[in-house]
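Note sheet for the following structure.
The values are calculated or read from the model by the stated rules, or taken from the named source; none is laboratory data. Only a predicted model underlies this, so the values are computations on that prediction, with no experimental measurement involved. Heads up, the Cβs are rebuilt from the backbone with ideal geometry, glycines too, and the neighbour counts pull from every protein chain shown. In case anyone asks, the SASA skips ligands and DNA or RNA and just uses the protein heavy atoms, side chains included. Shrake-Rupley method; radii C 1.70, N 1.55, O 1.52, S 1.80 Å.
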Amino acid sequence: SASLVGSEMCIRDREDYLEMICRNCPQSGSVRLGVLARKINVSESSASKMVHKLSETGLVTFEKYGTIYLTKRGRGIGEYLIFRHDVIESLLRRMNSSESELRQTELIEHFLDRRTVENISRFLEIHR
């Protein structure tokens, strides 16, 4: 399975949240719940529920005033999710000669395993 953050149907949501937290959380810093909710375009209560799930799996710590910190494990997985996203979007942009392939990337990224992503990355390096 390609999943890194759980086994339920909401794997895509969890991965999207973790990726967005990692994108908005500087190396030793944090991100606020309200910022995360705006970036993902959901209510703060929806974001809070998902962040609690990520907290239960040890990927983030969540303080009562809405501050989210990545754990070491959460940052490692989050950085891979960003890498995966960027590799897939790079491939699609190159194939389609376009500026952005965000929508397609979001649809595809959850279904590719690490080996495939790493092979796409190598392919892109070789065929610059």
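Quick notes on this one:
- Accessible surface of residue 46, taken over heavy atoms with a 1.4 Å probe and every protein chain present, rounds to 50 Å².
- When each of the peptides 66-73, 95-102 is scored by how many other beta carbons lie within 10 Å of its residues on average, the order from highest to lowest is 66-73, 95-102.
- Rg/Rh for the stretch 25-128, where both radii come from Cα atoms and Rh is the Kirkwood radius: 1.04
- For the chain: accessible area per residue (Å², 1.4 Å): 60
- The orientation-averaged projection of the convex hull spanning the C-alpha atoms of the stretch 18-66 amounts to 3.1 square nanometres.
- Taking the 1.4 Å solvent-accessible surface of the stretch 88-128 as the whole, the part contributed by carbon and sulfur is 52%.
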